[in-house]
Amino acid sequence: MLEGGQHFSEPVLPRVRKDVASLRASLTVSEAVEQIRQRIPSEGIIYFYVADEEERLVGVVSTRALLTAQPGQPLSEIMSRRVVSLHHTATIFDACELFVMHKFLAFPVVDEQQRIVGVVDVNLFTEEVLDLAEWEKMDELFEAIGFRVSQVRHASPWRAFRVRFPWLVPTVASGIFCALLASFFAVTIAESIVLAFFLTLVLGLGESVSMQSMTVTIQALRTMRPTLRWYATELRRELGTALLLGAACGGTVGLIVWAWRGDGLAGVVIGGSILLSLCSACLLGLSVPALLHARRLDPKIAAGPVTLALADIFTLLFYFTFAAVALG
């Protein structure tokens, strides 16, 4: 077993299975079936790979194609020429990445001349693929902020810039809007400087709760399409959760402000604004991915930047408006 992924850089070749179900492209279907019966691999996942006269990999034949084709039909007519293969110098990590990306049960391993030297089987990598759960979590994290790891892993700086920059635009735009919004409440901040002390905390709480709600919503949307009834049910649940989270976080912070600064009104203002901002954050975390899914867009990629940007705007809006009304 690979402990913590520390052996992912080791070569995959020692783990390759040598008994490959390899067939010549010149064989007919009946000849191929007879050959399979005579030397079928003793274990592992079976894919029927097709090679030319020089034993170079040229295709793969599915079991369904073999069973439904005419007996005299050559394999070259029914095989798929698009074969995902693994180079014999690849690492264990490269093999695991192919399993994760393509969801196949086995991959042929080829040398420099594209000759088949063996097969790497998912059964041999059960534990390693399970270890890749951490990698998938990392990929989901990057999806939440706007792109997939596979898009930038081997990309040039310019390509990486083109992939990543568009998803920073909502953050830049919301940041500028928040700065303008704060400038409108400059007098309120000046009159109660403690508001500035907790600004980062309030923004962080709003972003965290919105991302939590968004993650839960995206997981639910993987298996169903959103309906108004579903949305109403989820909205009630999320608002209930938001009220509890907001009351707990707002009450805690409010008491700390009161104990630290001796200003009960400031504590109420900051605690109350946290309650309102977390309710709006839960609402955004539910609504944005649901709307994107309903519009047939990918919520995993687009929801993160949009949700965070809107969460920042609404958090500051509630924070400063509540403070201006209560302290004005």
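The values are calculated or read from the model by the stated rules, or taken from the named source; none is laboratory data. Predicted model only: the values in this text are computed from it and were never measured. No Cβ is skipped: glycine too gets one built from the backbone with ideal geometry, and neighbour counts run over all protein chains shown.
Could you check the range 112-129 and list, in sequence order, the residues that are modelled with pLDDT of 85 or more, surrounded by 14 or more Cβ atoms within 10 Å (Cβ to Cβ) and not hydrophobic (A, V, I, L, M, F, W, C)? Of everything in the range 112-129, those that are modelled with pLDDT of 85 or more, surrounded by 14 or more Cβ atoms within 10 Å (Cβ to Cβ) and not hydrophobic (A, V, I, L, M, F, W, C) turn out to be GLN114, ARG115, GLY118.
The residues of the range 301-322 that are crowded, with 22+ Cβ neighbours inside 10 Å, within 13 Å of CYS282 (Cα to Cα) and modelled with pLDDT of 85 or more, listed by number, are ALA311, ASP312, THR315.
Of everything in the range 166-196 that's farther than 30 Å from TRP260 by Cβ and either surrounded by 12 or more Cβ atoms within 10 Å (Cβ to Cβ) or among the polar types (S, T, N, Q) (or both), which residue is modelled with the lowest pLDDT? Result: TRP167.
Filter the range 55-73 for residues that are polar (S, T, N, Q) and part of a helix (DSSP H, G or I); which is modelled with the highest pLDDT?
Residues of the range 55-73 that are polar (S, T, N, Q), as a first pass: 62-63, 68, 70, 73.
With the extra rule that they be part of a helix (DSSP H, G or I), the set shrinks to 63, 68.
Working: THR63: 79, THR68: 85.
If we take residues in the range 55-73 being polar (S, T, N, Q) and part of a helix (DSSP H, G or I), then THR68 is modelled with the highest pLDDT.
Would you call ARG17 of a type in the set (D, E, K, R), modelled with pLDDT of 80 or more, assigned by TED's automatic domain parsing to the domain that holds VAL122 and closer than 15 Å to ASP121 by Cα? Talk me through it step by step, then tell me what you get.
On the way: of a type in the set (D, E, K, R): yes; modelled with pLDDT of 80 or more: yes; assigned by TED's automatic domain parsing to the domain that holds VAL122: yes; closer than 15 Å to ASP121 by Cα: yes.
Taking the combined requirement at face value, the residue satisfies it.
Right, LEU243: under 18 Å from ALA196 (Cα atoms), in contact with a helix residue (DSSP H, G or I) (Cβ under 8 Å, 6 or more places away or on another chain) and at pLDDT 90 or above or not? No. Among the residues here, GLY250 does not qualify as in a helix (DSSP H, G or I) and free of Cβ contacts under 8 Å to residues at least 24 places away in the same chain.
Residues in the range 86-119 that are under 18 Å from SER22 (Cβ atoms) and outside any loop (DSSP other than H, G, I, E, B): LEU86, HIS87, ALA106, PHE107, PRO108, VAL109, VAL110, ARG115, ILE116, VAL117, GLY118, VAL119.
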